[in-house]
Every structure is written in C-alpha cells, then in structure tokens.
Amino acid sequence: MSGWIDISQPLHAKVPVWPGDTPFSYGLTWTKEQSGSVNVGQITMSTHTGTHIDAPFHFEKEGKRVGELDLSVYAGPTLVVVLEGIERLHPEALAQTDISGVTRLLIRTDAWIDRSRFPETIPLVDPALAPWLQERGVQLLGLDLPSVDPLDSKDLPAHHALARHGIHILEGAVLDGVKPGRYELVAFPLPLQDADGSPVRAVLKPI
C-alpha cells in the first residue's frame with residue numbers, strides 16, 4: 001500500500017481476544033479439490049476481535065447499532081498523539097496538544113507491549129475527557145488498547161460518556177512507531193446491520 005500505514009491487527013488463530021470471548025478461526029469449507037473450482041473459507045470471530053469499532057448497542061440496550069452509524073466519522077483527517085507511560089487519559093494530558101480542527105483523534109500509549117497476549121492492565125480513559133473532546137469538535141477517539149475502560153469494569157463509564165457526547169470509539173489500533181502528526185484515516189466498519197461492533201481494516205496516510 002504505497003504511502004499507507006496499516007494500523008490493523010492481523011487476524012489469525014493466535015490473535016488475542018477478550019478472555020472468554022469467541023476465539024478467531026478461519027478454515028476452508030470447500031477446497032479446490034472438493035469443489036472442483038474454488039477454495040471457500042469460513043470465519044468465526046467476535047465482533048470485537050483485533051482492531052474494531054464499538055457501536056453504542058455494545059453497552060447500551062437502546063444504543064445505535066453498526067448499521068445506524070455515520071460512516072463519514074471513520075474516514076478523514078486525523079491527529080495522532082503519543083502519550084507514553086500514562087495511566088489515565090484525561091484533559092490535562094492533552095492540554096499542551098493543539099487539537100484545533102481535529103475531528104478524529106488517535107492516541108498512542110504504547111501500553112500494550114506484547115500483542116500476542118491480552119494485556120492484564122491498560123490505561124483508562126477518564127470520563128471527563130469526553131465533554132472536553134466534544135467541545136473541541138472531536139467525533140472519533142481511537143486507542144492502541146482493547147478498551148477505553150479498565151478491563152475489569154462492569155459499568156463502563158468511559159464508553160457511556162463518549163457515546164453521550166457523540167464520540168465514536170475505535171479500539172485495538174496498532175500504532176507502534178507511528179509518529180505524532182496529521183494523517184488521513186480510513187477505518188470503515190463492515191455493514192453488519194444489527195451488530196454491536198465490527199472489525200475494521202484501519203489505515204493511515206501522512207498528510
């Protein structure tokens with residue numbers, strides 16, 4: 001992909017998933033030898049495997065499903081910010097960052113070091129970040145983490161706060177080595193009409 005940076009987690013049998021969630025698998029339903037003409041594959045996976053978006057229905061009973069989301073949010077100019085060694089993503093952590101005119105914000109924390117394993121702990125998004133981002137026009141928040149909330153959270157305060165303030169969620173982006181700056185993002189969900197989330201092929205291009 002000339003000029004494009006792939007920030008998607010490769011999907012294979014060993015891709016780590018949320019503990020207890022559906023493991024990823026791919027296999028051939030028909031081989032070329034069996035069908036006489038083609039190989040045909042079958043995929044089994046969670047909608048939250050690898051790099052994916054969360055629809056509000058994931059955490060709100062009456063929330064929007066994937067088919068109801070505004071696709072334009074998932075493609076366009078994006079700012080990548082690096083906040084290494086941080087435990088909580090809050091407004092003060094971004095106070096020195098110019099996000100004027102930013103609609104899509106990707107935060108690289110470098111906290112998920114070994115992507116062959118599901119992390120034990122991750123930085124969390126302070127719910128106070130949601131209104132702060134909304135006031136500045138941000139509509140999409142993406143992270144190099146499997147969740148915007150602590151892994152043991154049941155009430156998911158950041159998920160709810162972001163949805164309440166009109167901010168879409170992109171999780172599991174692979175931002176290793178991606179330099180801070182402005183990019184073009186494409187991370188469209190699949191047309192899973194009634195789904196609670198969707199894997200994406202997320203890519204960046206410097207602008």
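Answer yes if at least one residue in segment 134-142 is without any contact (Cβ under 8 Å) to a residue 60 or more places away in the chain, of a type in the set (S, T, N, Q) and either surrounded by 17 or more Cβ atoms within 10 Å (Cβ to Cβ) or over 27 Å from residue 64 (Cα atoms) (or both), and no otherwise.
Checked segment 134-142: no residue is without any contact (Cβ under 8 Å) to a residue 60 or more places away in the chain, of a type in the set (S, T, N, Q) and either surrounded by 17 or more Cβ atoms within 10 Å (Cβ to Cβ) or over 27 Å from residue 64 (Cα atoms) (or both).
Return the pair list, or none, for Cβ contacts closer than 6 Å from residues in segment 109-126 that are in contact (Cβ under 8 Å) with a residue 60 or more places away in the chain to residues that are part of a loop (DSSP other than H, G, I, E, B), at least 6 apart or on different chains.
Hits for this filter: 110/84; 117/16; 118/16.
Grab the strands (runs of 3 or more DSSP E) fully contained in segment 29-89, keeping just those with 1 or more residues being surrounded by fewer than 12 Cβ atoms within 10 Å (Cβ to Cβ) and touching a strand residue (DSSP E or B) at 6+ places or on another chain (Cβ under 9 Å).
Result: 40-44.
For (1) closer than 13 Å to residue 74 by Cα; (2) surrounded by fewer than 18 Cβ atoms within 10 Å (Cβ to Cβ); (3) not polar (S, T, N, Q), each residue gets a yes or a no:
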{"site": "123", "(1), (2), (3)": "no, no, yes"}
{"site": "157", "(1), (2), (3)": "no, yes, yes"}
{"site": "186", "(1), (2), (3)": "yes, yes, yes"}
{"site": "190", "(1), (2), (3)": "yes, yes, yes"}
{"site": "198", "(1), (2), (3)": "yes, no, no"}
{"site": "204", "(1), (2), (3)": "yes, no, yes"}
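Need the failing condition index for residue 129 against (1) under 19 Å from residue 19 (Cα atoms); (2) over 13 Å from the mean Cα position of the chain (by Cα), just the number.
Here residue 129 meets the rest and fails (1).
For (1) among the basic types (Lys, Arg); (2) in contact with a Phe, Trp or Tyr (Cβ under 9 Å, 6 or more places away or on another chain); (3) within 18 Å of residue 199 (Cβ to Cβ), each residue gets a yes or a no:
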| position | (1), (2), (3) |
| --- | --- |
| 10 | no, no, yes |
| 13 | no, yes, yes |
| 18 | no, yes, yes |
| 23 | no, no, yes |
| 45 | no, yes, yes |
| 59 | no, no, yes |
| 100 | no, no, no |
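FYI, it's all coordinate maths here, none of it is from the lab. Owing to the predicted nature of the structure, the values given are computational and were not obtained by experimental measurement. A quick note on method: Cβ atoms are made from the backbone with ideal geometry, for glycine too, and the neighbour counts reach across all protein chains shown.
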